[in-house]
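The values are calculated or read from the model by the stated rules, or taken from the named source; none is laboratory data. Predicted model only: the values in this text are computed from it and were never measured. Here the Cβ positions follow ideal geometry from the backbone for every residue, glycine too, while neighbour counts run over all protein chains shown. The accessibility values were calculated without ligands, DNA or RNA, using every heavy atom of the protein model including side chains. Shrake-Rupley method; radii C 1.70, N 1.55, O 1.52, S 1.80 Å.
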Amino acid sequence: MRSYPVLALALGLAAMPALAADRWQIQHPDSRLGFEATQQGGQFEGHFADYSAQMRFSADDLANSGFDVRIDMTSVDTGSGQRDNALPDKPWFHTEVFPEARYVTREIRRTDDGYEAVGDLTIRDNTHEVILPFTWQVDGDTAMMDGSVVIDRTRFGVGQGEWQDPQVAGHDVEVIVDLTLDRVAD
């Protein structure tokens, strides 16, 4: 009788369960995509009210985990009417031409403190790698994702002209991710 090792291996692999990262949906009322920045030496906070994400994450399947986040830049809210009216303008987000920012991961890695997402952030058609450290905690079909990273706004063309002066508006902006998510059945 002939031996068919390749066939046996293929059948064995087919019988094994395939790993697939879980899909997650953001619970917007319990989540925040925000930032902290400085203006004339004073710190302020803001957030984006409208954003969406395609998210796959499983701690045991990081190779198939990833995020694709889209942010409506017109939905910025800093609690200051004057600032909120200025941010969509040409020197800042220029939302008439660039209404959306996007963050797409290329890799998610385990770290001593949790995880880090390695991806490309695009704002105003400027794309740069951003590594976002984060924690991920699961309780049943609910997950909590918390992370933050400091970016230099000027690398993305945000705050042009007189606003490039760091004494007027600080270059460092801390992006804050505080999400509550529900597992989506496939």
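Extending each Cα 7 Å along its Cβ direction at residue 84 and residue 64, get the distance between those two points in nm, one decimal.
My value for the distance between the label points is 4.2 nm.
Specify the angular offset, from 0 to 90 degrees and rounded to the nearest 10, of the alpha carbon long axis of helix 5-15 from the longest principal axis of the alpha carbons in the chain.
With both axes taken from Cα atoms, the answer is about 50 degrees.
From the C-alpha gyration tensor of the chain, pull out the three semi-axes of the equivalent ellipsoid (sqrt of 5λ each), sorted largest to smallest, in whole Å.
Each semi-axis is √(5λ); the values are 40, 17, 14 Å.
Carbon-plus-sulfur fraction of the accessible area of the stretch 21-184, 1.4 Å probe, in percent?
43 percent
How much accessible area per residue does the chain have, counting only protein heavy atoms and a probe of 1.4 Å, in square angstrom?
59 Å²
Per DSSP H run of n ≥ 4, the term is -39500 (n - 2.57); total these for the chain, divide by its residue number, and report the mean residue ellipticity at 222 nm rounded to 500 deg cm²/dmol.
So the helix-based figure for the chain works out to -2500 deg cm²/dmol.
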